[in-house]
Amino acid sequence: MNRIALRMLVGDRAKYLAIIMGVAFASLLITQQASIFVGLMTRTFGFITDTSRPDVWVMDPKVQYVDDIKPVQDTMLYRVRGVAGVEWATPLYKGLLKARLSNGNFQTCIVVGLDDATLTGGPPVMLEGTLADLRRSEGVIVDEEGAKGRLARMPMDEQGRPIKGAKPIPIGIGDTLELNDRRAVVVGVCRVSRTFQSQPVIYTTYTRATQFAPRERKLLSFVTAGAAEGVSPRELCERIQSQTGLAAFTRDEFSWKTVLYFMKYTGIPINFGIAVALGFLVGTAIAGQTFYQFTLDNLRHFGTLKAMGAGNLRLLRMVLLQALVVGVVGYGLGVGAASMFGRLAGPTQLSFRLLWQTLAGTGAAVALICVIASLISVQRVMRLEPGVVFK
Amino acid sequence: MTEASSIAIECKGVVKHYGQGAARVTALRGVDLTVRKGELLMLVGPSGCGKTTLISVIAGVLDRNEGACTVFGEDFARMSARARTRWRGENVGFVFQAFNLIPTITAAENVAVPLMILGEGHGAAIRRAREVLEMVGLGDRWRALPAQLSGGQQQRVAIARSLIHGPRLIVCDEPTSALDHQTGHVIMRLLKNVALREDRALVIVTHDARIFGFADRIAEMDDGRIERIVTDPRELMAGTAPGR
Ligand SMILES: Nc1ncnc2c1ncn2[C@@H]1O[C@H](COP(=O)(O)OP(=O)(O)O)[C@@H](O)[C@H]1O
Ligand SMILES: [Mg+2]
């Protein structure tokens, strides 16, 4: 009877395709919306992701998320280093500074200052030059997007006027910028994860960053630290917290703290959450409805089978088998389409991050849809009076 | 053969209502009917008189409200729903006015369904189905889908399906109504010559007077009761001709 159930399902090509498309569309919608959502949320802590080496981030207790900079005194670095279980600790500067471009315009940039000695926390990908080039005097590394975009030079004519309609020239190694009246020389170009902050990112050393920055009593944005062997990051956080009075989080905790902040205080995640929920609902409705309709269309045949001696259990198995096939095939197509979409979207501004959890979640959702749809359908089959066959 | 063992179906005072309260319709108002083994009994009567309801009760797809009814000694009222479903699967063959073939599976697969319901494997069931299709003259069309067959051929497939598991009772509801006269005769000849056997009863609902001649006995129903039972269709004609 399994063969019969399958033949009933695939026999009517048009109907079969409609159901499969319904489920595929549902899977696509759920996966895609969820992946964009995850991508967006991943962006909120892109800086933490890029700064992959530290186990622990130490900061002012009032800091709410990664872009919420509340500097502490430089001496805090030594206090963190003094905590037992800290293998290493380095300073990290992060701040928004104005850069003066060659055409005289100003552009706000995210300036990241790395520990002079170790350059811990550098960008994840270097496109031109090396991280070590930061040790050259006045050296800075700019990010690709910034170099091509907001920091790019407008071509000028002889009189020094910008040529209308000409393409901007990306800045590169050897070009100079001015940060707070101090000269900076580009020694490298890097690629960083996209974040919600759209400003160009400029990497330099901690000392130079603090020179670029306006004079203030507190300049140390974060202390990043590594745990000694045998000490768990969580445990280390607790020790640092109790001994320094600063807040300390593991990388994951800080990422989550950031995500939760964005979830709580910005409308973006809520809007996307709604989109995901809507994707789920619409998908469920489409997939469920098409499958339910399919079973209804076949009700007459189920009735005939019932009259001919097929019990409820057997009919249930037939419907569940049909749902399983529809679910698996539709899910495969939908998820396939979603990851294609992700590939196409990869090089664009769109945030798209397909996690295995999303795949599993979509699978569970589709399974749920199919089970619910088939249970509702089967209800009709089970309650079917075999007497209807003569109608 | 004793009297009891020659009886296939015995109904006494069978009453069946549909719906409840004000909407209640009484379709059977006390039906007494006996069908013998090896007999082809036709149920005739005007539309809405309860013919379909009666064969549904006899075939065990509908519960009666009152009265007694045994089919090959079994009383469905004493069986669990599961046991009754099983019993139907083993003992009853169905032929419908609209054929009720599953459109997306082949003729042979349609014919094989009752065997598969009884647990036979796909391959063996299909082999047997092809043999039975041979018996109804469709040996070469076993791969065809129902839509690729004429109405008469589809009804022959349905007859093959009603036979394949060797049921003791075959019920047919208007088996020739959707067919032309000649095809109707082919179907009736098949039912009479191939389906009917010593130990099997056929109950055929019809109001197609042209096939009355195939019946051993004809039970005439009206308004939920059996009015009379005749053996010669001419009696029926004689009785009905003047008034209608
Ligand atoms: N499922 C049902 N619900 C309510 N009334 C029904 C139902 N089936 C049949 N009836 C009524 O029962 C009576 C007998 O119907 P039926 O057995 O189908 O007659 P026939 O087959 O002789 O045309 C009719 O009045 C019909 O309207
Ligand atoms: Mg009828």
- Sorted by chain and number, the residues with a modelled amide H under 5 Å from that of residue A:222, at a separation of 5 or more or across chains, are A:92, A:94
- Query: For chains B and A, what's the summed buried accessible area, probe 1.4 Å, to the nearest 100 square angstrom?
  - Reply: 2300
- Note on the structure: Non-local residues with an amide H under 5 Å from the amide H of residue A:156, with H modelled 1.01 Å from N and Pro and chain starts lacking one, are A:163
- Surface per residue (accessible, 1.4 Å probe) for region B:1-146, Å²: 42
- Partnerless Cys - chain B, beta-carbon criterion under 4.7 Å: B:49, B:172
- Task: Take the Cα pairs of the protein assembly as shown, get the Kirkwood Rh, then feed it into Stokes-Einstein at 37 °C and 0.692 mPa s and tell me D in µm²/s.
- Result: 105
- Item | For region A:55-64, Karplus couplings with θ = phi - 60° (6.51, -1.76, 1.60), whole Hz, Gly/Pro x | 7, 9, 10, 10, 7, 4, x, 8, 5, 9
- Within chain B, excluding any GluC sites (Glu not before Pro) found in a DSSP loop (not H, G, I, E or B) and having at most 11 other Cβ atoms within 10 Å, the longest uninterrupted segment runs B:4-197
- Item | Listed residue pairs exceeding 28 Å between alpha carbons, taken from A:70/A:98; B:16/B:37; A:148/A:218; A:148/A:264; A:70/A:167; A:306/B:16 | A:148/A:218; A:148/A:264; A:70/A:167
- Item | Per DSSP, loop trypsin sites (Lys or Arg not before Pro) in region A:151-259 with at most 11 further Cβ within 10 Å | A:164, A:215, A:217
- Each residue of region A:77-85 in turn: what ³J(HN,Hα) in whole Hz from Karplus with 6.51, -1.76, 1.60 and θ = phi - 60°, glycine and Pro shown as x? 4, 6, 5, 5, 4, x, 6, 5, x
- Task: On a C-alpha basis, how far is the centre of region B:84-102 from the centre of region B:1-76 in Å? Whole number, if you could?
- Result: 17
- Query: Using a 1.4 Å probe, what is the accessible area per residue for chain A, in Å²?
  - Reply: 47
- Count the DSSP beta bridges whose two residues both fall in the protein assembly as shown, then state the antiparallel fraction as a percent rounded to the nearest 5. 65
- Query: Which of the residues in region A:357-391 lose at least 20 Å² of accessible area when you go from the chain alone to all protein chains together (probe 1.4 Å)?
  - Reply: A:385, A:386, A:387, A:389, A:390, A:391
- Item | Efficiency of FRET between residue A:356 and residue A:6 - r from beta-carbon atoms, R0 41 angstrom, step 0.05 | 0.90
- Loop GluC sites (Glu not before Pro), region A:150-247 (other Cβ atoms within 10 Å of the site Cβ: 12 or fewer; DSSP): A:158, A:216, A:229
- Item | For chain A: relative contact order, % (alpha-carbon pairs under 8 angstrom, 6 or more apart) | 30
- Members of region A:1-38 that become less accessible by 30 Å² or more once partner protein chains are added (1.4 angstrom probe, chain alone as reference): A:1, A:3, A:4, A:7, A:8
- Task: Could you work out the local net charge near residue B:15, counting Lys and Arg as +1, Asp and Glu as -1, over the other residues with Cβ closer than 15 Å to its Cβ?
- Result: +2
- Item | Student exercise, the protein assembly as shown dipole from Lys, Arg, Asp, Glu Cβ charges, in Debye to nearest 20 | 340
- Task: Describe numerically, in nm with one decimal, the distance between label points set 7 Å from Cα along Cα→Cβ at residue A:116 and at residue B:223.
- Result: 11.5
- Note on the structure: Per the C-alpha gyration tensor (a ≥ b ≥ c, the square roots of its eigenvalues), region A:147-191 is rounded if a/c is under 1.5, else prolate if a/b beats b/c, else oblate; here it's oblate
- Could you please state how large a percent of the accessible area of the protein assembly as shown is carbon and sulfur, counting protein chains only and using a 1.4 Å probe? 54
- Hydrodynamic radius by Kirkwood for chain B, inverse mean 1/r across distinct Cα pairs, in Å, is 18.5
- Item | Listing of region A:296-335 residues, each with accessible area lower by at least 40 Å² in the full protein assembly than in the chain alone (probe 1.4 Å) | A:300, A:301, A:304, A:307, A:308, A:309, A:314
- Note on the structure: Filtering trypsin sites (Lys or Arg not before Pro) in region A:46-116 by DSSP loop and by at most 11 other Cβ atoms within 10 Å leaves A:62
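The values are calculated or read from the model by the stated rules, or taken from the named source; none is laboratory data. The structure displayed is predicted, hence computed values, not measured ones. Cβ coordinates were reconstructed from backbone atoms using ideal geometry, including for glycine residues, and neighbour counts include every protein chain displayed. Accessible surface is based on the protein model in full, side chains and every heavy atom, while ligands, DNA and RNA are left aside. Shrake-Rupley method; radii C 1.70, N 1.55, O 1.52, S 1.80 Å.
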